[in-house]
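Q: Before we start, here is the structure in question, set down as structure tokens.
The values are calculated or read from the model by the stated rules, or taken from the named source; none is laboratory data. Quantities reported herein were computed from a predicted structural model and do not represent experimental measurements. With ideal geometry, Cβ positions are generated from the backbone for all residues, glycine too; neighbour counts draw on all protein chains shown.
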Amino acid sequence: MPTTPDNFDVAVVGGGVIGLSIAWQARRRGLAVAVLERDTIGCGASRVAAGMLAPVVEAEFGQAARESLDLGLRSLSMWPQFAATLEEVSGVEVPLRRSGTLLVARDADEAREMERQIALRDSLGLRTSRLRPSEARDLEPALAPAVRLAMEAPDDDSVDPRPVLDALRIACEREGVALAERTAVQAMAVDGGEVHGVRLADGNLLKAREVVLAAGAWSGEIEGLPEAARPPVRPVKGQILRLRDPSGPGLLQRVLRYEGGYIVPRGDGRYVLGATVEEKAFDRSPTAGGVRELLKEAWELLPGIDELEIEELAVGFRPGSPDNVPLIGRTGVGGLLHATGHYRNGILLAPLTAELVAQMLAEGPRSDPQTAMANAGAVEGRAAT
């Protein structure tokens, strides 16, 4: 990759779904863009993710949760066009499934909590249906009798992140984005309170007018950042299983959510079962205890899972912010933008994050974050500080 001055308008640090989406959209706006990935493109949390696009089911109480909900709803509405355009540009099918989500309770305590959750969504004007156990089993006959109450969220979707990553890579290449794999960023090149590029692990300086930090759980690890501009992002470990039904699809049609986990059907007889939530830094070790809990919780609700074959056990690291609201926007360092801290919703928020950040980049280093958000048609969000 060339390292002479003024080669790039934008350097994106991180080659996951967020970084690739930003690079693609920025390049479509005429900017010269490089993506710098420490390993291989799309090998991190994006590849491990289940791909739930579920802002309705994930709605919670509190102001921070409301901000996340607003962002999620806006981005969900963008996904059909995002997927269609990505398919057209790349030639790769983006398997967006619009079958809804079923949230189930297994005992009296969970049923009481679900009543509160249904009331919350009613107060927010979100479309859901309260289902008796028999009604839930009418929708999903493989459910166990243990179900006490259920809530259907018909507008929540899902997508397989792996074809999305393949499509984004091809789209970036065809648009002229420079993709550099196994190119670790050692430090930000900061001078006079402004970023002028990045210092690579091999000692070379890659100059860029602006730098987007989209390195997921590793975003806070890069050297050279003033503390005020270092994103407060931590890794949240998750163990996840990929299963296959040798008899084909049919066990489950909707995404199934429950206290402690989820099962996401892919539509081809494959299912994603996840996921643990562990505050164990960058511990990559899968554990027998983690797998046991995942399978036990799932079996209690979907006994047919016993017949599925295990295709893969993976470990990923969600990028969690202090309140789990993403950090998107300009920082106190000129030319530096954050696009990280998406926690469990990186796949969901990719279209909106890309739109917001690409708009800021197109307006130049002196653009106002709130103006960029308004121009992008976004709901009120939170810029990085």
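Q: Just give me the residues in segment 119-160 being of a type in the set (A, V, I, L, M) and crowded, with 19+ Cβ neighbours inside 10 Å, in sequence order.
A: 131, 136, 143, 147, 149, 150, 151, 153, 159
Q: Of the conditions (1) within 25 Å of residue 301 (Cα to Cα); (2) of a type in the set (Lys, Arg); (3) surrounded by 13 or more Cβ atoms within 10 Å (Cβ to Cβ), residue 74 clears all except one; give me its number.
A: Only one criterion in (1) within 25 Å of residue 301 (Cα to Cα); (2) of a type in the set (Lys, Arg); (3) surrounded by 13 or more Cβ atoms within 10 Å (Cβ to Cβ) is unmet by residue 74, namely (1).
Q: Which members of segment 332-385 meet the condition of being polar (S, T, N, Q) and either at pLDDT below 95 or over 15 Å from residue 212 (Cα atoms) (or both)?
A: Scanning segment 332-385 gives 345, 367, 370, 371, 375, 385.
Q: Would it be correct to say that residue 181 is surrounded by fewer than 19 Cβ atoms within 10 Å (Cβ to Cβ) and under 23 Å from the mean Cα position of the chain (by Cα)?
A: Taking the combined requirement at face value, the residue satisfies it.
Q: Among the numbered conditions (1) of a type in the set (Asp, Glu); (2) more than 24 Å from residue 364 (Cβ to Cβ); (3) modelled with pLDDT of 95 or more, tell me where residue 210 comes up short.
A: Looking at each condition in turn, residue 210 falls short on (2).
Q: For segment 198-240, how many residues meet the condition of being touching a residue at least 60 places away in the same chain (Cβ under 8 Å), within 24 Å of residue 45 (Cα to Cα), surrounded by fewer than 20 Cβ atoms within 10 Å (Cβ to Cβ) and of a type in the set (D, E, K, R)?
A: 1
Q: May I ask you to list the residues in segment 270-293 that are out of contact with any Leu (no Cβ under 9 Å at 6 or more places or on another chain) and farther than 17 Å from residue 258 by Cβ?
A: Matches in segment 270-293: 278, 279, 280, 281, 282, 283, 284, 285, 287, 288, 289.
Q: Looking only at segment 120-150, which residues are in a loop (DSSP other than H, G, I, E, B), under 28 Å from the mean Cα position of the chain (by Cα) and over 19 Å from residue 253 (Cβ atoms)?
A: Within segment 120-150, 124, 125, 126 qualify.
Q: Moving to a separate point now. Which of the residues that make up segment 274-293 are more than 20 Å from residue 235 (Cα to Cα) and surrounded by 15 or more Cβ atoms within 10 Å (Cβ to Cβ)?
A: Once the filter is applied, which keeps residues that are more than 20 Å from residue 235 (Cα to Cα) and surrounded by 15 or more Cβ atoms within 10 Å (Cβ to Cβ), segment 274-293 yields only 293.
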